[in-house]
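*Asks:* I'd like to ask some things about the structure below.
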Amino acid sequence: SSGINAEYGGSRKTVKSTKDDVIFVNFADHGGPGILAFPHSELYKGDLDRTLEMMSEGARFKQMLIYVEACYAGSMFTKLSADMNITAHTASNSDESSYACVLDEDLNTYLGDCWSLNWMNNTEQIMPNLDSETVMEQYDIVKKMTTTSHASIYGDLTTITNEPLSTFMGHGKGLKDARANEFQMENSIQSQDVMIDWLRRKLRKTTDEGSAEELKQQIKDHENKEKFVMKTIDAVGADLLGSPEAVNNLKKVSLAIRHPGCNEAVMKEFFAACNCRIQDNPYITKYLATLSKLCNMFSADIIVKTVGKYCYEQ
């Protein structure tokens with residue numbers, strides 16, 4: 001693990017697990033096609049695949065349950081083997097955004113993400129008896145509760161799914177008085193649009209002229225950036241496919257990350273050449289799937305060259 005940390009500049013904090021350990025991972029942040037975004041870096045599907053395979057082959061866990069709240073979360077796990085003792089439960093499938101819910105007007109923020117609020121609410125309802133519900137039962141309950149996106153499940157669907165939640169979340173000792181919050185799942189919004197929505201709501205509330213002008217400029221800058229990204233990716237697609245109509249047809253095809261290495265190389269070039277990041281410009285994830293789909297048709301080198309051409313020209 002020290003070699004991996006040295007290469008990627010990580011925090012050097014790693015899971016010191018053995019073949020007897022069960023692991024529960026809960027991730028909540030922005031995501032894109034084959035990407036999970038951390039505050040200052042990205043995790044790509046290829047890296048995640050290699051890490052999970054390495055841990056499995058090295059007997060670094062007995063069972064692993066992964067919960068992911070992010071846009072396009074399913075794209076990270078579509079090829080997760082059923083034989084690795086890993087199950088992944090995601091807020092969204094490969095083709096869609098996840099959603100934020102429960103707007104607090106006083107705080108001017110959304111209190112959570114719809115799928116995450118649902119699984120946490122369900123967990124609190126049975127607390128401290130987490131051995132009374134299985135992983136699959138929670139998946140089925142939360143899938144029905146989550147109407148904004150399509151909760152999905154991948155990997156081992158026979159063993160881990162029959163385990164009680166307590167196997168991964170403990171027995172809730174000391175939490176006997178925990179009570180589920182009865183949130184009204186209204187005012188939902190695509191996670192990609194939360195930032196600009198927050199700025200617009202802040203603008204409506206401000207009474208300071210100077211602050212208002214600054215907010216207007218920020219909103220305009222983000223709107224222009226989104227238009228630029230949409231236009232640039234469409235131009236890249238039209239250049240490679242031969243026409244705008246071909247690009248529109250490609251957008252209708254379901255997303256499949258068949259070449260993770262190409263996807264990573266193209267995304268890194270796009271972020272660098274077009275001066276944008278998922279963390280700073282989450283709305284760009286609405287358009288990135290076109291680049292991912294091009295990786296199923298062209299080599300990374302050709303796409304990277306075309307991306308550079310249009311990003312730097314504009």
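The values are calculated or read from the model by the stated rules, or taken from the named source; none is laboratory data. Quick caveat, the model's predicted, so the values are computed rather than measured. Note that we place each Cβ from the backbone using ideal geometry, even for glycine, and neighbour counts take in every protein chain shown. Note: accessible area is taken over every heavy atom of the protein model, side chains too, but ligands, DNA and RNA are not part of it. Shrake-Rupley method; radii C 1.70, N 1.55, O 1.52, S 1.80 Å.
*Asks:* Within segment 241-278, how many residues turn out to be in a loop (DSSP other than H, G, I, E, B) and more than 17 Å from Arg50 (Cβ to Cβ)?
*Replies:* Total satisfying the criteria: 12.
*Asks:* Only residues in segment 46-65 that are assigned to a loop (DSSP other than H, G, I, E, B) count as the first member; pair them with residues that are open to solvent by less than 40 Å² (accessible area, probe 1.4 Å) and aliphatic (A, V, I, L, M), Cβ under 7 angstrom, at least 6 apart or cross-chain, and list the lot.
*Replies:* Phe61/Ile23; Phe61/Met55
*Asks:* In the list Ala178, Ala238, which residue meets the criterion of being surrounded by 12 or more Cβ atoms within 10 Å (Cβ to Cβ), modelled with pLDDT under 95 and small (Gly, Ala, Ser)?
*Replies:* One residue alone meets the criteria, Ala178.
*Asks:* Over 14 Å from the mean Cα position of the chain (by Cα), of a type outside the set (Ser, Thr, Tyr), under 30 Å from Thr206 (Cα atoms) and open to solvent by 50 Å² or more (accessible area, probe 1.4 Å): is that true of Leu103 in this structure?
*Replies:* So Leu103 does not fit the description; no.
*Asks:* Go through segment 133-166 and give me each residue that's open to solvent by 40 Å² or more (accessible area, probe 1.4 Å) and in a helix (DSSP H, G or I).
*Replies:* Met136, Glu137, Asp140, Ile141, Lys143, Lys144, Met145, Asn162
*Asks:* In this structure, is Asp95 charged (D, E, K, R), closer than 21 Å to Asp49 by Cβ, in contact (Cβ under 8 Å) with a residue 24 or more places away in the chain and open to solvent by less than 20 Å² (accessible area, probe 1.4 Å)?
*Replies:* Considered against the rule, which asks whether it is charged (D, E, K, R), closer than 21 Å to Asp49 by Cβ, in contact (Cβ under 8 Å) with a residue 24 or more places away in the chain and open to solvent by less than 20 Å² (accessible area, probe 1.4 Å), Asp95 comes out as no.
Conditions tested, residue by residue: (1) surrounded by 20 or more Cβ atoms within 10 Å (Cβ to Cβ); (2) farther than 18 Å from Lys45 by Cα; (3) of a type in the set (A, V, I, L, M, F, W, C).
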{"position": "Glu264", "(1), (2), (3)": "yes, no, no"}
{"position": "Lys268", "(1), (2), (3)": "no, no, no"}
{"position": "Cys274", "(1), (2), (3)": "yes, yes, yes"}
{"position": "Gln279", "(1), (2), (3)": "no, no, no"}
{"position": "Thr285", "(1), (2), (3)": "yes, no, no"}
{"position": "Lys293", "(1), (2), (3)": "yes, no, no"}
{"position": "Lys305", "(1), (2), (3)": "no, yes, no"}
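*Asks:* Please report, ordered by residue number, the strands (runs of 3 or more DSSP E) entirely within segment 83-127 with at least 2 residues that are at pLDDT 95 or above and of a type in the set (Val, Ile, Thr).
*Replies:* 86-90
*Asks:* Shifting gears a bit: Look through segment 106-116, keep the residues that are touching a residue at least 40 places away in the same chain (Cβ under 8 Å) and over 17 Å from Ser149 (Cβ atoms), and return whichever of them is least open to solvent (accessible area, probe 1.4 Å).
*Replies:* Across segment 106-116, the extreme among qualifying residues is Asn108.
*Asks:* Is it the case, given these coordinates, that Asn121 is in contact with a Lys or Arg (Cβ under 9 Å, 6 or more places away or on another chain), under 30 Å from Arg200 (Cβ atoms) and surrounded by fewer than 22 Cβ atoms within 10 Å (Cβ to Cβ)?
*Replies:* No: the conditions fail for Asn121.
*Asks:* Given Val266, Val304, Val253, which one is free of Cβ contacts under 8 Å to residues at least 40 places away in the same chain, farther than 23 Å from Asp193 by Cβ and among the β-branched types (Val, Ile, Thr)?
*Replies:* Just one listed residue meets the conditions, Val304.
*Asks:* Scan segment 16-24 and give yes if some residue there is open to solvent by less than 30 Å² (accessible area, probe 1.4 Å), over 23 Å from Glu264 (Cβ atoms), among the hydrophobic types (A, V, I, L, M, F, W, C) and under 22 Å from the mean Cα position of the chain (by Cα), otherwise no.
*Replies:* Looking through segment 16-24, at least one residue is open to solvent by less than 30 Å² (accessible area, probe 1.4 Å), over 23 Å from Glu264 (Cβ atoms), among the hydrophobic types (A, V, I, L, M, F, W, C) and under 22 Å from the mean Cα position of the chain (by Cα).
*Asks:* Limited to segment 74-91, what total is found for residues that are farther than 14 Å from Ile35 by Cα and touching a Lys or Arg at 6+ places or on another chain (Cβ under 8 Å)?
*Replies:* Within segment 74-91, residues that are farther than 14 Å from Ile35 by Cα and touching a Lys or Arg at 6+ places or on another chain (Cβ under 8 Å) number 1.
*Asks:* Quick check, is Leu43 touching a helix residue (DSSP H, G or I) at 6+ places or on another chain (Cβ under 8 Å) and of a type outside the set (Ser, Thr, Tyr)?
*Replies:* Against the criterion (touching a helix residue (DSSP H, G or I) at 6+ places or on another chain (Cβ under 8 Å) and of a type outside the set (Ser, Thr, Tyr)), Leu43 does not qualify.
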